[in-house]
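Student: Handing you a structure now.
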Amino acid sequence: MNQLFSIIFTTSFAFAVLRVSTPIILAGMAAVISERAGVVNIAIEGMMLSAALVGVVVSAFTGGWVAGLFASILAGMLISMLLACFALNLKANIIMCGLAINTMAKGGTILALYLITGNKGASTGLKSSSVPNIDIPLLRDVPIIGDILSNHNLLTYLAVVIVFLLQIFLFRSKTGLHIRAVGENPNAVNSVGINVRKMQYISLLLSGLFSGIAGAFMSMGYMNGFTANMVSGRGFIALAANSMGQNTPWGTFFASLVFGFADSLANSLQVLKVPTQFIQMIPYVTTILGISIYSISNASKVKKMRMKLANENVL
Amino acid sequence: MLKRKEAVFMALRTLIVVAIAIIIVFVIIILVSDEPMEAIRQFITGPLSTRRRMGNVVEAMIPLTFTGLAACIMFQAKQFSLIGDGAFFTGAMTAAVFTLNTKLPAGLHSMAAILLSGIAGAVCGVLPGYLKAKWNTNEFVVSMMFNSILVYFGVFVLLNIIRDPNSGFLASHIIPETAKLGKLAEKTNIHFGLIISLVMTFFVYAFLYKTKWGFSIRMVGINPRFSKHSGINTFIVVLMCQVLGGFVAGMGGSVELLGMYDRFQWQDTPGFGFDGMTVAILAGNNPALVPIGALFLAYIRVGTDVMARTSNVPNEAIYIIQGIVMILITANAFLSNWRHRIVVSGAKKIEEDGGAHESVV
Amino acid sequence: MSDELLIMKGITKIYPNGIIANNHVDFSVKEGEIHALMGENGAGKSTLMNILFGELQAEEGDIYLKGEKIKITSPTEAIAYGIGMVHQHFMLVPSLTVAENIFLGMEPRKRGLIDRRKMLDKTKEIAQKYNFDIDPMSKVSDIPVGMKQKIEILKSLARSARILVLDEPTAVLTPQETDELFNELRLFKESGHTIIFISHKLKEIKKICDRITIMKNGVSMGTYELQEMDEKDISRLMVGRDIVSGIQKEAAKPGKVVLRVEELTCSNDEGKQTLNRMSFTIRTGEILGIAGVEGNGQLELVECITGLRDNFHGKILIDDKEINRISIKNARRLGLSHIPEDRMTFGIASDASVAENLISDKLGEQRIGIGPFLSQRKIEDFTDKLIKNFQIKCSSGKQPARMLSGGNMQKVVIAREFSGNPRVMIANQPSRGVDVGATEFIHKKLVQIRDQGAAVLLVSADLNEVIELSDSLIVMYGGEIVAYFKAAKKINEEELGYFMLGLKKQSQEEVRGAIYA
């Protein structure tokens, strides 16, 4: 136990949590914006995976992470447009579409990787770049906080900025208001002449954008290079984070941190004598617990309030 | 009359969708391969080229039938759960543990194992099913996460409980002969599981369309609040459809293990659960058509395998076909203009014949 | 023809399921008039207006505004032409405020973000201009129904609509609120607005409208001056015969108490108390009507009794057996049947076949199978008989329910609920959205099971229906019983309106008359 505590209560652990949470935060924002528009984006996973590969490949061939990052974002957005086209225009079942895209991404990335490098497992042959870490000048000298918050990857800081901006966008801007309205009552929106489809497209585009950044972080920040199936369900964990975060950017941010914590814990626990498989289960168990607790509290909150008010009114 | 036209339309549409998917892959092949025509030829005719390969198709069809049936049950209730995959894996693992630790006469040994695996699979379905039924927790995410947990657990069991230390590769002890499923055709690996899968097809079909429980499942999928109003216990339905789906998938896992393998050696899910969903979609969620969908998917699986072996096109191309098929089939608006025209002209015809405009036959 | 402001010519619309909703319909309105558009459900009036508002596209036909041919392909274009639509089912976003809803799509902006202050001021301005009393900051989910309709109207006015289309506007209003609305409509008329008034309430149309267009089976039966028509003429055109407005029934012979409701108290999901110690009984062979404006607890009452809601205090008993927490299946076994208010959500599974809809509550019964199994033959026999007895217009039991008209769908609901041998029948708005012919049939059937000994609870916002059909009557206001009338036929409609609005209230003793031993 002591050993466990000595692992957790360190600045390096907190630093790791932030680092590990980054892709989930970004993917979480992708989930928030699409859920708000009433569009379930199951394909975040596939978008991240594809973006991860695209970023690596482009950065290898252009020699720069900037091009790689842009390519990742573009990849995410293109796929989200594909999803939008099929699910919204052609009225395909959106969950199936999402699953289909994930399936195609799984095979497609390995196929592409093989075609480009002759290797099916990882992009080791490619000289890809990474997005740099940023050592913030004054912050880094602050005791404790400095160690936790400084020297993160650029994309980690970008993730927090995105959370902040998305909150303002959703709740103070005209388009954000329309997107929220579309998610709640598309008929109402349609009847005042706002193009529901357009709002859904915009939100999916943003969703793809955030997924793209998340994918770029995986292969050009968290790791250096692309490995097959490297996203490992983070796109789905993001959906769970969004549920727990009640479809709000800041809520989802904190929920993502919870999962990042679980993930980091799993990594750190390797030193203990617990069989690895059970440790590897931790993030997944946390996810299930997380959304279960959320749904339970939702259901019982309503029930408790009903019973309480029913009681009050009797007396 | 119109109904028959609609049915023909749906069948045609499925064929067109499949054709489009395959054509797209052909294009990829042409771009990728040095000898595209040869690769395509291997893809299309490869599975029929040797007796062994034809056998491969049927062998591959068996697990897909089980997971396809499982997906049908869950999809009919509009529950988008992926637990079939984890249940399949767990079923196989359960069969391994059971058969390695018990002694029973041949026939009985395998049947008992299959039954037990079904139960294990059913238990897998309880968590996502209950959470959904009681608190409306997203079954997609829960089942997906739980699948990972099940796989890790299975690997743990493999490493620590049933591992054969003498084996050259990571695997369990050899499964006793009494538990294995007999072969049906010479020079192939087609095993008795084929019969079991077809029997299960019959049972699942009868269950869904000829029993009150199946009726309840279908009604909940069509309109859950209507079902509640009619007195159907929607809680039980939502829970049970994942439990039953898990049962069938679990059976499938053990059948696959006992029919095709000497040892349990999976370190990750073989992914039949996901493919089962594709099969269910192809079959329009109709259990009777699942074997056909499974056969088709198996065929193109083997086709891409043959192609991968004989040309430089990797077999991951299969996933692209699957994905495209999934999307296009559920795209209701796909070719809907065509369908609208059929319906409109049909309605107009009835008008001219002087029929009542209310009852469009 | 030259003073016709809006002309729709030769409009034809066919739905994807084959139903011809509009069949070469001609329709026109003059500037500054209040024009009624009337017809049974399924006649095509909503479809026609949806085409006008750009929500649907017609297969054939043209629209002319002030003599010029125009094309309306979306609500935006309709709004740009000055056409505003107030839908029957409100088009409001619940979590947004009144101001946000009114200015949805035209939000004032400052530095890229919404200018909340300005939006508030503009809302107050327009509310004052048309004499509406609203709170711009409240969330739409919190305001009452009558207020929601005002917001809907303001939405159109804020967009400078000159032609207002009102779709069944009085469906959810009290008699007094209806009068208020009519006054507002007269004001609009004076300021040059044109109003298209969709309804199937004859009395109201006669009160407020200038001309009337009648539709039947997707076809226009002509446009007439209302002064030259009387109610019988209109109904003849709508249905082809005189509507029998009085319901033939013998006097009730009530027996033992079957349904007993004791001190029923309930709060809704938002915490508002919706039922306050309601107590009443229904006896065999009796139809008890509940009159009241929607939103006074009727829905919650029905939900509590029928098992769709479980958060209440009090007791509900059938034949002295408490049914508070039992399952709906068991309640049905005790003889409870329910015609739900929301047909499409609760009453019908539209993608299932007619036969499946008819047997959904009878699973496990011998009439449709043996044990857990369903017998195709037995089901066919059973459902064919029902289709015949209830005159359900469909091609066969196998036809998907969504292809039926509203009235026939309701007949399917009735057929299912009546064939469950009910001891207690809860009929909630049984003839809403149903054509006159089917309504008559439904009323006859309700009287029939009453005579066979069932206890019927009739909840209806249609005053005529509830007065004519009920033997005794309760008025609900604010979740309470404010009046009990032993003989429904003797009620004065205006007095009833006062009770419904909470302006009058009977004494405790009088109200207790609703409870029999």
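Student: Based on this model, can you work out whether C:G32 counts as at positive phi, in contact with a helix residue (DSSP H, G or I) (Cβ under 8 Å, 6 or more places away or on another chain) and not polar (S, T, N, Q)?
Tutor: yes
Student: Please go through region B:151-175 and give me each residue that is over 22 Å from A:F278 (Cα atoms) and either buried (at least 17 other Cβ atoms within 10 Å of the Cβ) or touching a Ser or Thr at 6+ places or on another chain (Cβ under 7 Å) (or both), ordered by number.
Tutor: Scanning region B:151-175 gives B:H173, B:I175.
Student: A further question follows. What are the residues in region A:133-159 that are loosely packed, with under 15 Cβ neighbours inside 10 Å and either at positive phi or at pLDDT 85 or above (or both), if any?
Tutor: Listed by number, the list holds a single entry, A:I144.
Residues are listed down the side, and each one gets a yes or a no for (1) aromatic (F, W, Y); (2) touching a helix residue (DSSP H, G or I) at 6+ places or on another chain (Cβ under 7 Å); (3) in contact (Cβ under 8 Å) with a residue 40 or more places away in the chain:
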position	(1), (2), (3)
A:L149	no, yes, yes
A:F169	yes, yes, no
A:N195	no, no, no
A:G208	no, yes, yes
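Student: Can I ask one more? When you check A:N133 against the structure, is it under 22 Å from the mean Cα position of the chain (by Cα) and at the interface with chain B (Cβ under 9 Å from one of its Cβ atoms), yes or no?
Tutor: no
Student: Just to be sure, is A:A52 buried (at least 24 other Cβ atoms within 10 Å of the Cβ), of a type in the set (G, A, S) and either under 11 Å from the mean Cα position of the chain (by Cα) or not in a helix (DSSP H, G or I) (or both)?
Tutor: Taking the combined requirement at face value, the residue does not satisfy it.
Student: I've got another one for you. Return the only residue of A:I213, A:I194, A:I116, A:I168 being part of a helix (DSSP H, G or I), within 14 Å of another protein chain (Cβ to nearest Cβ) and surrounded by 16 or more Cβ atoms within 10 Å (Cβ to Cβ). It would help to see each step written out before you state the result.
Tutor: Details: A:I213 fails: within 14 Å of another protein chain (Cβ to nearest Cβ); A:I194 fails: part of a helix (DSSP H, G or I); A:I168 fails: surrounded by 16 or more Cβ atoms within 10 Å (Cβ to Cβ).
Testing whether each residue is part of a helix (DSSP H, G or I), within 14 Å of another protein chain (Cβ to nearest Cβ) and surrounded by 16 or more Cβ atoms within 10 Å (Cβ to Cβ) leaves just A:I116.
Student: Quick check: anything in region C:315-327 within 13 Å of chain B (Cβ to nearest Cβ), out of contact with any Ser or Thr (no Cβ under 8 Å at 6 or more places or on another chain) and outside any loop (DSSP other than H, G, I, E, B)?
Tutor: no
Student: In region C:199-224, what count of residues is obtained for those that are under 18 Å from C:K13 (Cβ atoms), of a type in the set (A, V, I, L, M) and surrounded by fewer than 22 Cβ atoms within 10 Å (Cβ to Cβ)?
Tutor: 2
Student: Which of the following residues is surrounded by fewer than 22 Cβ atoms within 10 Å (Cβ to Cβ), modelled with pLDDT of 90 or more, in a helix (DSSP H, G or I) and not aromatic (F, W, Y): A:L74, A:L69? Write out each step before concluding.
Tutor: Working: A:L69 fails: surrounded by fewer than 22 Cβ atoms within 10 Å (Cβ to Cβ).
Result: A:L74 is the single residue among A:L74, A:L69 that is surrounded by fewer than 22 Cβ atoms within 10 Å (Cβ to Cβ), modelled with pLDDT of 90 or more, in a helix (DSSP H, G or I) and not aromatic (F, W, Y).
Student: Would you mind stating whether A:I44 is of a type in the set (A, V, I, L, M, F, W, C), more than 10 Å from A:S211 (Cβ to Cβ) and buried (at least 24 other Cβ atoms within 10 Å of the Cβ)?
Tutor: no
Student: Would you check if there is a residue in region B:260-274 being assigned to a helix (DSSP H, G or I), out of contact with any Phe, Trp or Tyr (no Cβ under 6 Å at 6 or more places or on another chain) and among the small types (G, A, S)?
Tutor: No, every residue in region B:260-274 fails to be assigned to a helix (DSSP H, G or I), out of contact with any Phe, Trp or Tyr (no Cβ under 6 Å at 6 or more places or on another chain) and among the small types (G, A, S).
Student: Got at least one residue in region B:238-260 being at pLDDT 95 or above, surrounded by 24 or more Cβ atoms within 10 Å (Cβ to Cβ) and among the hydroxyl-bearing types (S, T, Y)?
Tutor: For region B:238-260, residues at pLDDT 95 or above, surrounded by 24 or more Cβ atoms within 10 Å (Cβ to Cβ) and among the hydroxyl-bearing types (S, T, Y): present.
Student: Find the residue count for region B:167-206, including only residues that are within 14 Å of another protein chain (Cβ to nearest Cβ), touching a residue at least 24 places away in the same chain (Cβ under 8 Å) and within 19 Å of the chain's Cα centre (by Cα).
Tutor: At the first step, the residues of region B:167-206 found to be within 14 Å of another protein chain (Cβ to nearest Cβ) are B:170, B:203, B:205-206.
Narrowing the set further to residues that are touching a residue at least 24 places away in the same chain (Cβ under 8 Å) leaves B:170, B:205.
Filter once more, so that each one left must be within 19 Å of the chain's Cα centre (by Cα): B:205.
Residues in region B:167-206 being within 14 Å of another protein chain (Cβ to nearest Cβ), touching a residue at least 24 places away in the same chain (Cβ under 8 Å) and within 19 Å of the chain's Cα centre (by Cα): 1 in total.
Student: A follow-up question, please. Tell me which of these C:H89 doesn't satisfy, since it passes every other one: (1) more than 25 Å from C:L237 (Cα to Cα); (2) in contact with a strand residue (DSSP E or B) (Cβ under 8 Å, 6 or more places away or on another chain).
Tutor: (2)
Student: For a quick check of your reading of the model, give me the residue pairs whose first member lies in region C:134-151 and is surrounded by 15 or more Cβ atoms within 10 Å (Cβ to Cβ), whose second is in a helix (DSSP H, G or I) and of a type in the set (D, E, K, R), with beta-carbon atoms closer than 7 Å and at least 6 apart or on different chains.
Tutor: From region C:134-151, the pairs are C:I134/C:K150; C:P136/C:K124; C:V140/C:K148; C:G146/C:E177.
Student: Moving to a separate point now. Does at least one position in region A:79-95 carry a residue that is surrounded by fewer than 24 Cβ atoms within 10 Å (Cβ to Cβ), among the polar types (S, T, N, Q) and more than 8 Å from every other protein chain (Cβ to nearest Cβ)?
Tutor: Checked against the condition, which is being surrounded by fewer than 24 Cβ atoms within 10 Å (Cβ to Cβ), among the polar types (S, T, N, Q) and more than 8 Å from every other protein chain (Cβ to nearest Cβ), region A:79-95 yields no hits at all.
Student: Hey, does region C:129-137 have a residue that's part of a helix (DSSP H, G or I) and more than 26 Å from A:F169 (Cβ to Cβ)?
Tutor: Among the residues of region C:129-137, at least one is part of a helix (DSSP H, G or I) and more than 26 Å from A:F169 (Cβ to Cβ), which makes the answer yes.
Student: Turning to a different aspect of this structure: State the number of residues belonging to region B:120-145 that are surrounded by fewer than 23 Cβ atoms within 10 Å (Cβ to Cβ), more than 22 Å from the chain's Cα centre (by Cα) and either over 17 Å from A:M244 (Cβ atoms) or not polar (S, T, N, Q) (or both).
Tutor: Adding up the residues that qualify gives 4.
Student: Got a sec? Which of A:A188, A:A181 is farther than 20 Å from A:N133 by Cα, modelled with pLDDT under 90, within 14 Å of chain C (Cβ to nearest Cβ) and crowded, with 20+ Cβ neighbours inside 10 Å? Steps first, answer last, please.
Tutor: Details: A:A181 fails: modelled with pLDDT under 90.
Going through A:A188, A:A181 in turn, just one is farther than 20 Å from A:N133 by Cα, modelled with pLDDT under 90, within 14 Å of chain C (Cβ to nearest Cβ) and crowded, with 20+ Cβ neighbours inside 10 Å: A:A188.
Student: Considering only region C:403-423, state which residues are among the hydrophobic types (A, V, I, L, M, F, W, C) and farther than 15 Å from B:S230 by Cα.
Tutor: Matches in region C:403-423: C:M403, C:L404, C:M409.
Student: For the list (1) in contact with a strand residue (DSSP E or B) (Cβ under 6 Å, 6 or more places away or on another chain); (2) in a loop (DSSP other than H, G, I, E, B), I need the number of the one condition that C:V456 fails.
Tutor: The single condition C:V456 does not satisfy is (2).
Student: Would you say C:G314 is at pLDDT 90 or above, buried (at least 23 other Cβ atoms within 10 Å of the Cβ) and among the small types (G, A, S)?
Tutor: Taking the combined requirement at face value, the residue does not satisfy it.
Student: Just one of the numbered conditions (1) more than 25 Å from C:D167 (Cβ to Cβ); (2) surrounded by fewer than 19 Cβ atoms within 10 Å (Cβ to Cβ); (3) small (G, A, S) is not true of C:G437; which one?
Tutor: Just one mismatch for C:G437, condition (1).
Student: For region C:300-331, which residues satisfy the criterion of being farther than 24 Å from C:A517 by Cα and in contact (Cβ under 8 Å) with a residue 40 or more places away in the chain?
Tutor: Selection gives C:E300, C:R309, C:N311.
Student: Let me ask another. Could you tell me whether A:S243 is in a helix (DSSP H, G or I), more than 30 Å from B:V157 (Cβ to Cβ), modelled with pLDDT of 90 or more and touching a Gly at 6+ places or on another chain (Cβ under 9 Å)?
Tutor: On the way: in a helix (DSSP H, G or I): yes; more than 30 Å from B:V157 (Cβ to Cβ): yes; modelled with pLDDT of 90 or more: no; touching a Gly at 6+ places or on another chain (Cβ under 9 Å): yes.
It is false that A:S243 is in a helix (DSSP H, G or I), more than 30 Å from B:V157 (Cβ to Cβ), modelled with pLDDT of 90 or more and touching a Gly at 6+ places or on another chain (Cβ under 9 Å).
Student: Taking into account only those residues within region C:88-125 that are part of a helix (DSSP H, G or I) and closer than 26 Å to C:N50 by Cα, which is farthest from the other protein chains (Cβ to nearest Cβ)? Steps first, please.
Tutor: Here is the first cut: in region C:88-125, the residues part of a helix (DSSP H, G or I) are C:98-102, C:116-125.
Narrowing the set further to residues that are closer than 26 Å to C:N50 by Cα leaves C:98-102.
Values: C:V98: 13, C:A99: 11, C:E100: 7, C:N101: 8, C:I102: 9 Å.
So the residue we want is C:V98.
Student: Do any residues in region C:59-75 that are away from chain A (no Cβ under 14 Å) have Cβ atoms under 8 Å from those of residues that are part of a loop (DSSP other than H, G, I, E, B) and of a type in the set (G, A, S), where the two are at least six apart or on different chains, and which pairs are they?
Tutor: Partner pairs satisfying both residue conditions: C:G67/C:S2.
The values are calculated or read from the model by the stated rules, or taken from the named source; none is laboratory data. Being a predicted model, the structure only gives us computed values, none of them experimental. Every residue, glycine as well, gets a Cβ built from its backbone with ideal geometry; the counts of neighbours run over all protein chains shown.
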